[in-house]
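Since every read-out is calculated from the coordinates, none of them should be taken as a lab result. Computed from a predicted model, the values in this text were never measured in an experiment. Cβ sites come from the backbone with ideal geometry, for glycine too, and all protein chains shown count toward neighbours.
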Amino acid sequence: QQQVRQSPQSLTVWEGETAILNCSYEDSTFNYFPWYQQFPGEGPALLISIRSVSDKKEDGRFTIFFNKREKKLSLHITDSQPGDSATYFCAASYSAGNKLTFGIGTRVLVRP
Amino acid sequence: GGIITQTPKFLIGQEGQKLTLKCQQNFNHDTMYWYRQDSGKGLRLIYYSITENDLQKGDLSEGYDASREKKSSFSLTVTSAQKNEMAVFLCASSILDRQDTQYFGPGTRLLVL
């Protein structure tokens, strides 16, 4: 059973629109949720993260919204740019000293 | 800053062949990881090594061996390549008490004929 679920698997938006990527998890003891961004031909890189004590984390055009009760979170990319076209992975961890569990990823394409 | 180097970048093998992938990091990180990335399946952990003399199985260890030669290097061996197998193998590293923040290499792309 997948511990971390992501939807949709792929998403196409126009430049300037907001892309919304969804993530949900099974284990309520997960308390740290990073999002990784991966460009074709490269390894994933940490984009933004949130801890379960917060319900929102913003970094420029990227915002995580977190709902602990529903065990759901989402990544919003506002004013999407063609350079944001990448695969985005949601991940979860029990604590800083524990390894990550990754979702299957959402492939985002931003059309100019 | 630092960098993770994976060699080779591309690997073409034959069915049944034993194949070795190498990873080097200069972050001076204690912990290193090997993941397999398949389309539609995300990143699955194969092996990880918390410190230099440690080796732990991940969720996908069957069919693989790993070796932590020294703090900076971590190798993965596909013990018997499967025909038509195609995947990307990603190496990552982190500091010991921050496994939640990992730095990834560019990957080795494997194709088995």
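Computed on the Cα atoms alone, the convex hull of the protein assembly as shown gives a volume of 121 cubic angstrom per residue. Among the residues of B:40-50, the average count of other protein chain beta-carbon atoms within 10 Å of the residue beta-carbon is 4. Taking the centroid of alpha carbons for each part, the range B:42-82 and the range A:13-42 are 26 Å apart. The mean sequence separation of alpha-carbon pairs under 8 Å and at least six residues apart, normalised by the residue count of the range B:37-113, gives a relative contact order of 23 percent.
Normalised by 2.2 N^0.38 Å, where N is the number of residues, the C-alpha radius of gyration of chain A stands at 1.01. For B:Lys41, no lysines have a Cα closer than 17 Å to its Cα, not counting residues fewer than 8 places off in the same chain. Summarising the label geometry, the points placed 7 Å from Cα in the beta-carbon direction at A:Ser52 and A:His76 lie 2.4 nm from one another.
For the peptides B:41-47, A:50-56, B:76-82, the ranking by mean Cβ contacts within 10 Å, running from highest to lowest, is B:41-47, B:76-82, A:50-56. Look at the stretch A:99-106: the mean tally of other chain Cβ atoms within 10 Å of its residues' Cβ atoms is 6. Placing a pseudo-label 7 Å from each Cα along the Cα-to-Cβ vector at B:Ser73 and A:Arg69 gives an inter-label distance of 5.5 nm.
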